[in-house]
Amino acid sequence: MPDRPLRIATVATVTWLLGYALLTGLTLDAPAASLFVGDILYLVPLIAGVLAATVAARRSRGRHRTLWRVLTAAFAAQLAGESIWAAYDYLTGDGPPEPSVADLCYLTASTLTIVAVLVGFGGAGRLRHLRGLVDSLLIIVSLGALGWQLLIRPQLTAAAVWGDLVNVAYPLLDLVLLAVLGIVGMAGHRSVPLAVRLVGVAGAITAVCDMIYTYLVLFSEYDSGSWIDVGFETAESCLFLAAVVAVRRPEPPAERRSFDRGMPLLPIVISVAGTSALVVYDKVRTGVVSDLTLVVVAVLFLAVMLRQYLFAADRAGLAEELRRAVAEQQRLAVTDGLTGLANRRHLMTMLDRLRTAPGGRPVSLLVVDLDHFKLVNDTYGHLAGDAVLEAAAARIAAAARATDLVARYGGEEFVLLLADTDGPEAERLAERIRRRLRDSPIAAGDAVIAVTASIGVATSPDGAVPHLLEAADRALYRAKAQGRDQVTVAVPETERAGVPASGG
């Protein structure tokens, strides 16, 4: 069924954005009204986002709780920055000085958003975390050096004010955010929760709008209430909606494919492109490659070598995980799901192997059947019956030797295959199992259930097993016919007499 509160929040968010865009267009030529739209109404989704993210942080678990705690801090920093900006606009008739505390709040919010994206798409192992760190280093160093040469260094040589440098910091952080979004979006994730996807969309919209804002500040003019604010408002609304989704539809963390299907070479491509642009810029500007570019090339070369080592180690680790998974599947194929003992299929496989193996060594077989087990199910229910089977299986396995194969043959019947075991030794083991079951009642819920077992024993002195299971089964029926809770050894003369079976 559709989630009504979530549907209402979605409709309200879309309606708000349409209304905000309409008001922005209508007030472009009215400075006072435009200021109200750009400074006061703009705060509405931020306030709602802080509240929704706080609730999401309280209700989430594990890594998602960390994600929403970080986003709550990002919302709060952004709200503080916008509030300071609005106060300056209304008190001075102009925006805040450059730089200001508002800029510090904005940059903090951008940094926290990057952290939130990394947390939301996390969940990888130690090697993947290290590789992600190296990937980030490749991108940040290459794009940071390029941004320094193209944007920041010219501003310094032109004796620009600190405000211009702060404005340049926005697109640099946005480049990092877009690069991180590109990596995590193509790093093999699947089943990514909707809330995390909305966080990624909001980050991408914010990055693009920040770049446009920086261009307007440096080369044109920006005023509160302009069209670019609609983009920022859309990003804040996406974050608010992501918080609502996280509250209403808790989802598991993003999963990863066993092997990356995206673009594992993307960080290398970005770093090579950035470094190449640096070299071209140096050649065009001065005719020689600068010391900064040489240092960047050296750092990136070492980072690429480390990354490829981590990549190979990650692949080796995944191959080992695959090997263990295959081994676990093979184990499950021969294991009874309820008791954890070998299943009937595995028992029959081992008997077939013994039939074709050279003889000469004694082999014994025990067939253990819990007495009156149907009455347990009828009286206490099937859950209690399962508990009795699990406990009985554990006690039988504990009484057996390390070399014995203990299997659940079906229902309440168990079989033990005893290699290199003669008749008297097999009978002693059967008696030990019978006493252990009889002397230790089994707790199943509020009930304490007394359990006894009838056991049939059959031995082949020379290891021939064609009819060993049938002989032990007939001995079991004889034990039941004689009153249950006893061990009966298969005797050739008795077996030929054809004692009738007695179930239960």
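Please treat every number below as a calculation from the coordinates, not as lab data. Quantities reported herein were computed from a predicted structural model and do not represent experimental measurements. Using ideal geometry, Cβ is built from the backbone for each residue, glycine included, and neighbour counts are taken over all protein chains shown.
The modelled label-to-label distance between Leu375 and Gln482, using points 7 Å beyond Cα along the C-beta direction, is 2.1 nm.
Across the stretch 311-343, the residues whose backbone nitrogen lies under 14 Å from the label position 7 Å along the beta-carbon direction of Asp352 are 334.
Let me check against my output: what whole-number percent is the relative contact order of the stretch 384-462, with C-alpha pairs under 8 Å and at least 6 apart? Can you show the working numbers first?
Working: 80 pairs, mean separation 23.2, N = 79.
It rounds to 29 percent for the stretch 384-462.
Whole-Hz Karplus values for the stretch 274-284 come out as x, 5, 4, 5, 4, 4, 4, 4, 4, 5, 5 Hz, taken residue by residue from phi with 6.51 cos²θ - 1.76 cosθ + 1.60 and θ = phi - 60°; glycine and proline positions read x. Estimated at 0.36 nm per residue, the fully extended path between Val115 and Glu390 surpasses their Cα-Cα distance by 94.3 nm.
Spacing of the modelled spin labels on Arg331 and Thr10, each 7 Å from Cα toward Cβ, amounts to 4.3 nm.
Ranking request for peptides 449-461, 13-25: highest mean number of other beta-carbon atoms within 10 Å first, then the rest in descending order.
Values: 449-461: 22.0, 13-25: 15.0.
The densest-packed peptide leads the list: 449-461, 13-25.
Amide H contacts of Ala443 (H built 1.01 Å from N, in plane; Pro and chain starts excluded): Ile449 sit under 5 Å, all sequence-distant by 5 or more or on other chains. Derived scalar couplings between HN and Hα for the stretch 439-450 equal 7, 10, x, 9, 7, 10, x, 8, 9, 10, 10, 7 Hz in order, rounded to whole Hz, by the Karplus curve 6.51 cos²θ - 1.76 cosθ + 1.60 (θ = phi - 60°), x for Gly and Pro.
Excluding Asp352 itself, calculate the net charge of residues whose Cβ lies under 14 Å from the Cβ of Asp352, where each Lys or Arg counts +1 and each Asp or Glu counts -1. Each step should come with its number before you reach the end.
Values: positive: Arg344, Arg345, Arg353, Arg355; negative: none.
Local net charge: +4.
Given their separation in residues at 0.36 nm each and the Cα-Cα distance between them, Val295 and Leu150 gain 50.5 nm when the chain is fully extended. Relative to the Cα centre, what is the charge dipole magnitude of the stretch 344-497, using +1 at the beta carbon of each Lys and Arg, -1 at the beta carbon of each Asp and Glu, and rounding to the nearest 20 debye? Computed charge dipole of the stretch 344-497: roughly 140 debye.
Relative intensity of the stretch 344-497 on a log10 scale, I(q)/I(0) at q = 0.16, 0.18 Å⁻¹, equals -0.83, -1.03, per a Debye sum over C-alpha point scatterers of equal strength in the absence of solvent. Computed from backbone phi with θ = phi - 60° and the Karplus coefficients 6.51, -1.76 and 1.60, the 3J(HN,Hα) list for the stretch 6-18 is 5, 5, 5, 4, 5, 4, 5, 5, 5, 4, 4, 5, 5 Hz; x is used for glycine and proline.
Neighbours of Leu46, meaning other residues whose beta-carbon lies under 10 angstrom from its beta-carbon, give a summed charge of -3 when Lys and Arg score +1 and Asp and Glu score -1.
Efficiency by 1/(1 + (r/R0)^6): what FRET value for Leu338 and Ala402, r their Cβ-Cβ distance, R0 = 22 Å, to the nearest 0.05? It comes to 0.45.
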